[in-house]
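Here is the structure we will look at.
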Amino acid sequence: MEVLVASAIGIMTAAGLYLVMRLRTFPVILGISLLTYAVNVFLFASGRLTVGAPPILTDAEVYADPLPQALVLTAIVISFGMTAVVVMISLGAYLGSNDDRVNDPKSDETEDVT
């Protein structure tokens, strides 16, 4: 199970980095979201993967650590807010320039005259 989770984290990270390096805003937003999901799965897996164990410390011999679960829950809320802000900023940039490119191409007006 650990190999499957580690592979999923690696694939999400690679796909997220690939999308972040694109030149359009929508793939960049998707890439940031994939990187966020990869970090969330990594944080969740850091609390030892246990199946069917209670999430609180009781008299049980096997239990799940509740701290990574709380960290992931907080990270999900923060990433949702961050994604909403980035979508609104990119929408404003698109409506302002009628182009959704991330990079700013050089024009004849901005060239150095030296």
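The values are calculated or read from the model by the stated rules, or taken from the named source; none is laboratory data. Nothing here was measured: the structure is a model prediction, and the numbers come from that model. When we count neighbours, we look across all protein chains shown, and the Cβ atoms used for this are built from the backbone with ideal geometry, even at glycine.
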- Note on the structure: Taking the stretch 59-101 and the residues there that are within 26 Å of ASN40 (Cα to Cα) and at pLDDT below 80, the one that is surrounded by the fewest Cβ atoms within 10 Å (Cβ to Cβ) would be VAL62
- Message: Can you find, within the stretch 39-85, the residue that is nearest to GLY16 (Cα to Cα) among those that are small (Gly, Ala, Ser) and part of a loop (DSSP other than H, G, I, E, B)?
- Response: SER46
- Hits in the stretch 6-38 - residues which are in a helix (DSSP H, G or I), surrounded by fewer than 16 Cβ atoms within 10 Å (Cβ to Cβ) and modelled with pLDDT under 90: PHE26
- Query: Taking the stretch 45-58 only, how many residues are hydrophobic (A, V, I, L, M, F, W, C) and either within 9 Å of the chain's Cα centre (by Cα) or buried (at least 17 other Cβ atoms within 10 Å of the Cβ) (or both)?
  - Reply: 1
